[in-house]
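J.: Before anything else, here's the structure in question.
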Amino acid sequence: MESIKCSVCDKQFNFVTSRNRHFRRFHRDQSVGRIYKTKIFCPMCGDEIERNLKSHEELKTHLEIKHNITLEVEELILSHEDFKNWICEERRDVKYISRKQKKDVRYPYQLIYYNCNRSYNGYESKAFKRFPKAGGSKKICGTCPSRITAKIFDEGTVKIKYIKTHVGHEDELRYQGLTKNEKQEIYSKLKNEVCKKRILEDARTFKGNKLERLHLLTKMDLRNMSRSLSKTRNADDMAATTIKVLHEWNQSGQNYGFLFKQIGERHSILRDEDFAVGFMNQVMESKFKQFTNIICMDGTHNTNIRGWELTTVLVKDDRGVGFPVAFLVSSRKDQLIFENFLDALKKKVGEKLCPTYFMTDDDPKYYNAWINVMETKPRHLLCSWHIIKNWNIQGKAKLKNTELKKNMKTEMGKILKETNEDKFKELYNSYFHILFEAGEIIFLNYLKKHYFQNMERIKMWAHCYRLNAGINTNMAIESLNKFIKYDELNKKRNNTIEKLLDMLDRVVEDKEWNRIIETERPSTETYQSRIVRDRHRKAENLQNMVEEVGFGEFSVRSNSNKIYKVVYGDRVCRNDCRLMYCVVCQICLHHYKCQCPEFMVKNNLCKMLLCLKGNGMNVG
């Protein structure tokens, strides 16, 4: 260990603090061997030796003698309240940095220094240096003499010594910050969810002819301020997620986070490095038990910084609107994790669920996990949109004939949407013959292997085998995923898991309130209402095309000369039934049944039903 000794009397010490205490006590008046480490430099002297000064008073004298600069000094005595207002005037609260001194019991005041924020204190970081700013550093090569010395007395007065003159720099906007009042106003707007575009417009409104710092506000400034407003439970994302699940979702026995597997936690099936959290609150559980006819399940990506998948379980309610009933955020995307998720979901619900239909995309892992865990086997339907997408991708890659490649999507769409079984078989046999004659064996074998291998597979996607199912595509989940990514997450992928779970809370709450509002105050701008209006306008063109062929039975000719049969429905509805309800015709979806694909497959109120009223038929 290097010896520590006094520079005057050579006495040895074990600690530097002991040596310094000895020096102050016995050699206070001796400057031999004592080195002054000051951080005050003249901003006008460049690299000269005398620019290193011992105090601000010496800096003041140096500027007056060597550089002929006279500093303007102002002394004031104000009250505490007046001092707070004074320090905010002329942007002094952002031009100066405060440095409090400990209150000395020998003096009846507390001393605070406000130094110019452009001053350089001589500190050089040894850490990795980033690339210099385009506008350069705001620190000058020296100490600006401008400063405020405030003595705050206990009796309520403040004695101020204010050196106004700045040396070594100009008053440039690029190096100024926002004042406390300006920040508070912006924070208030952000908390009230004012549009950021509107905040920028307000900030850039000129009240005079002078350009101010507030006019230079950018989207990045608002983004940083918004980030500081967000509540972070812990700096570590996994620790914050644990607090969210265990101390908020699962407090008081709520068990909203019914599945929670942390990284590093031992599990009987999953790996130690796996992560999974399942979410279902009380509202979602009640909807899951209430609407069990149709269940949809699908996953999406790009919702969090870790790249983990968000899986949604959704039901169709009594109004035909999708409602999310369970979410899963997991690091795995295989069948094993979904079996664990559904097993925990089954225990959470506490009763056996027997849905009629289970819709997914063309990946079998969701349905296989369901039948393995739930011990029920609902009718498995594939989303028509995903099927057509797969055909389009494979057709472009496998078909060589340009004309067949161009018409493939149209021809396969006709096969998929055909509602008559005999016509369906005729269409696909005819198209297969065309592919065989053209030598497109690769695409033909692909269709036979993946979609036409047996009747069970065909019944999953062909419309003629899913009549009156009430669902055609998985667009309810796709629409929800789009809302989550674009409206809630603003197309950002760097979201933490904690932030993602907070967002899921808001989405479910908004969905429930939208359902309540739609029930109490029906709107004409919903998806179902727009469909009904469109069908009513089209029904007005079907004049003199309806023929009554029996009691409660009608024959309607469409614009394409196809004849559809319309009969009374077998369900007696209440007067307040508003599922796909036309207020002009006073007909709901259950009033009649039609043979057209719009009604049989999509379960929409079709123009054939609405035209009955317009043609004077007795449909009351």
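The values are calculated or read from the model by the stated rules, or taken from the named source; none is laboratory data. Just so we're clear, the structure is a prediction, and the values are computed from it rather than from any experiment. Note that each Cβ is placed from the backbone with ideal geometry, even for glycine, and that neighbours are counted across all protein chains shown.
J.: Checking residue 583 against (1) β-branched (Val, Ile, Thr); (2) at pLDDT below 70; (3) within 20 Å of residue 468 (Cα to Cα), which single condition isn't satisfied?
T.: The one condition residue 583 does not meet is (3).
J.: Restricting attention to region 382-400, which residues are within 17 Å of residue 459 (Cβ to Cβ) and in contact with a helix residue (DSSP H, G or I) (Cβ under 6 Å, 6 or more places away or on another chain)?
T.: 382, 387 - these are the residues of region 382-400 that are within 17 Å of residue 459 (Cβ to Cβ) and in contact with a helix residue (DSSP H, G or I) (Cβ under 6 Å, 6 or more places away or on another chain).
J.: Working only within region 511-527, note down all residues that are within 21 Å of residue 288 (Cβ to Cβ) and either β-branched (Val, Ile, Thr) or not in a helix (DSSP H, G or I) (or both).
T.: Step one: filter region 511-527 for residues within 21 Å of residue 288 (Cβ to Cβ), giving 511-516, 518-519.
516, 519, listed by residue number.
J.: Hey, another quick one. Condition test on residue 380, is it under 28 Å from the mean Cα position of the chain (by Cα), surrounded by fewer than 21 Cβ atoms within 10 Å (Cβ to Cβ) and under 30 Å from residue 447 (Cβ atoms)? Break it down into steps so the answer makes sense when it comes.
T.: On the way: under 28 Å from the mean Cα position of the chain (by Cα): no; surrounded by fewer than 21 Cβ atoms within 10 Å (Cβ to Cβ): yes; under 30 Å from residue 447 (Cβ atoms): yes.
So residue 380 fails the test.
Condition check ((1) under 30 Å from residue 303 (Cβ atoms); (2) touching a helix residue (DSSP H, G or I) at 6+ places or on another chain (Cβ under 6 Å); (3) of a type in the set (A, V, I, L, M, F, W, C); (4) part of a loop (DSSP other than H, G, I, E, B)) across all residues:
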| site | (1), (2), (3), (4) |
| --- | --- |
| 434 | no, no, yes, no |
| 442 | no, yes, yes, no |
| 449 | no, no, no, no |
| 458 | no, no, yes, no |
| 473 | yes, yes, no, yes |
| 493 | yes, no, no, yes |
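J.: For region 143-183, what are the residues that are of a type in the set (S, T, N, Q), closer than 16 Å to residue 93 by Cα and either modelled with pLDDT of 90 or more or not in a helix (DSSP H, G or I) (or both)? Before you say what the answer is, go through the steps one by one.
T.: So in region 143-183, the residues of a type in the set (S, T, N, Q) come out as 143, 146, 149, 157, 165, 176, 179, 181.
Imposing the further condition that a residue be closer than 16 Å to residue 93 by Cα reduces the set to 146, 149, 176, 179, 181.
Answer for region 143-183, where residues must be of a type in the set (S, T, N, Q), closer than 16 Å to residue 93 by Cα and either modelled with pLDDT of 90 or more or not in a helix (DSSP H, G or I) (or both): 146, 149, 176, 179.
J.: Let me spell it out: the conditions are (1) surrounded by fewer than 17 Cβ atoms within 10 Å (Cβ to Cβ); (2) in contact with a strand residue (DSSP E or B) (Cβ under 7 Å, 6 or more places away or on another chain); (3) in a helix (DSSP H, G or I), and residue 397 meets all of them except one. Which number is the exception?
T.: With respect to (1) surrounded by fewer than 17 Cβ atoms within 10 Å (Cβ to Cβ); (2) in contact with a strand residue (DSSP E or B) (Cβ under 7 Å, 6 or more places away or on another chain); (3) in a helix (DSSP H, G or I), residue 397 is out only on (2).
J.: If you don't mind, another one. Only one of these conditions is not met by residue 491: (1) closer than 30 Å to residue 305 by Cβ; (2) touching a strand residue (DSSP E or B) at 6+ places or on another chain (Cβ under 7 Å). Which number is it?
T.: Checking residue 491 against (1) closer than 30 Å to residue 305 by Cβ; (2) touching a strand residue (DSSP E or B) at 6+ places or on another chain (Cβ under 7 Å), the one that fails is (2).
J.: Those residues that are of a type in the set (A, V, I, L, M) and touching a helix residue (DSSP H, G or I) at 6+ places or on another chain (Cβ under 9 Å), I need them from region 240-268; list them, please. Let's see the steps before the verdict.
T.: Going residue by residue through region 240-268, those that are of a type in the set (A, V, I, L, M) are 240, 243, 245-246, 259, 263.
Within region 240-268, 240, 243, 245, 259, 263 qualify.
J.: A further question follows. Any residue at all in region 500-510 that's over 18 Å from residue 379 (Cβ atoms), of a type in the set (A, V, I, L, M, F, W, C) and not in a helix (DSSP H, G or I)? Steps first, answer last, please.
T.: Filtering region 500-510 down to residues over 18 Å from residue 379 (Cβ atoms) leaves 500-510.
Those left that are additionally of a type in the set (A, V, I, L, M, F, W, C): 500-501, 503-504, 507-508.
Those still in the list that are not in a helix (DSSP H, G or I) too: none.
No, the conditions are met nowhere in region 500-510.
J.: Do we find that residue 459 is at pLDDT 90 or above and surrounded by fewer than 18 Cβ atoms within 10 Å (Cβ to Cβ) in this structure?
T.: On the way: at pLDDT 90 or above: yes; surrounded by fewer than 18 Cβ atoms within 10 Å (Cβ to Cβ): yes.
The answer is yes for residue 459.
J.: Let me ask you something else. Scan region 173-189 residue by residue and report those that are farther than 21 Å from residue 135 by Cα, free of Cβ contacts under 8 Å to residues at least 60 places away in the same chain and either charged (D, E, K, R) or surrounded by 16 or more Cβ atoms within 10 Å (Cβ to Cβ) (or both).
T.: 182, 183, 185, 186, 189
J.: Within region 323-342, work out how many residues are acidic (Asp, Glu) and surrounded by 17 or more Cβ atoms within 10 Å (Cβ to Cβ).
T.: Of the residues in that region, 1 qualify.
J.: Taking the conditions exactly as written (at pLDDT 90 or above, surrounded by 11 or more Cβ atoms within 10 Å (Cβ to Cβ) and of a type in the set (A, V, I, L, M)), does residue 53 satisfy them or not? Let's see the steps before the verdict.
T.: Numbers: at pLDDT 90 or above: no; surrounded by 11 or more Cβ atoms within 10 Å (Cβ to Cβ): yes; of a type in the set (A, V, I, L, M): yes.
Judged against the criteria, residue 53 is not a match.
J.: Touching a Pro at 6+ places or on another chain (Cβ under 7 Å) and on the phi < 0 side of the Ramachandran plot: is that true of residue 149 in this structure?
T.: Working: touching a Pro at 6+ places or on another chain (Cβ under 7 Å): no; on the phi < 0 side of the Ramachandran plot: yes.
Judged against the criteria, residue 149 is not a match.
J.: Against the conditions (1) surrounded by fewer than 22 Cβ atoms within 10 Å (Cβ to Cβ); (2) touching a strand residue (DSSP E or B) at 6+ places or on another chain (Cβ under 8 Å); (3) among the hydrophobic types (A, V, I, L, M, F, W, C); (4) in contact (Cβ under 8 Å) with a residue 60 or more places away in the chain, where does residue 269 fall short? Just the number, please.
T.: (2)
J.: If you don't mind, another one. Given the structure, is residue 161 in contact (Cβ under 8 Å) with a residue 40 or more places away in the chain, within 23 Å of residue 109 (Cβ to Cβ) and either touching an Asp or Glu at 6+ places or on another chain (Cβ under 6 Å) or not assigned by TED's automatic domain parsing to the domain that holds residue 75 (or both)?
T.: Details: in contact (Cβ under 8 Å) with a residue 40 or more places away in the chain: yes; within 23 Å of residue 109 (Cβ to Cβ): yes; either touching an Asp or Glu at 6+ places or on another chain (Cβ under 6 Å) or not assigned by TED's automatic domain parsing to the domain that holds residue 75 (or both): yes.
Yes.
J.: Please go through region 298-316 and give me each residue that is touching a Lys or Arg at 6+ places or on another chain (Cβ under 6 Å) and among the polar types (S, T, N, Q), ordered by number.
T.: 302
J.: Is it fair to say residue 438 is farther than 30 Å from residue 330 by Cβ, of a type in the set (Gly, Ala, Ser), in contact with a Leu (Cβ under 8 Å, 6 or more places away or on another chain) and surrounded by 15 or more Cβ atoms within 10 Å (Cβ to Cβ)?
T.: Working: farther than 30 Å from residue 330 by Cβ: yes; of a type in the set (Gly, Ala, Ser): yes; in contact with a Leu (Cβ under 8 Å, 6 or more places away or on another chain): yes; surrounded by 15 or more Cβ atoms within 10 Å (Cβ to Cβ): yes.
Spelling it out, residue 438 is indeed farther than 30 Å from residue 330 by Cβ, of a type in the set (Gly, Ala, Ser), in contact with a Leu (Cβ under 8 Å, 6 or more places away or on another chain) and surrounded by 15 or more Cβ atoms within 10 Å (Cβ to Cβ).
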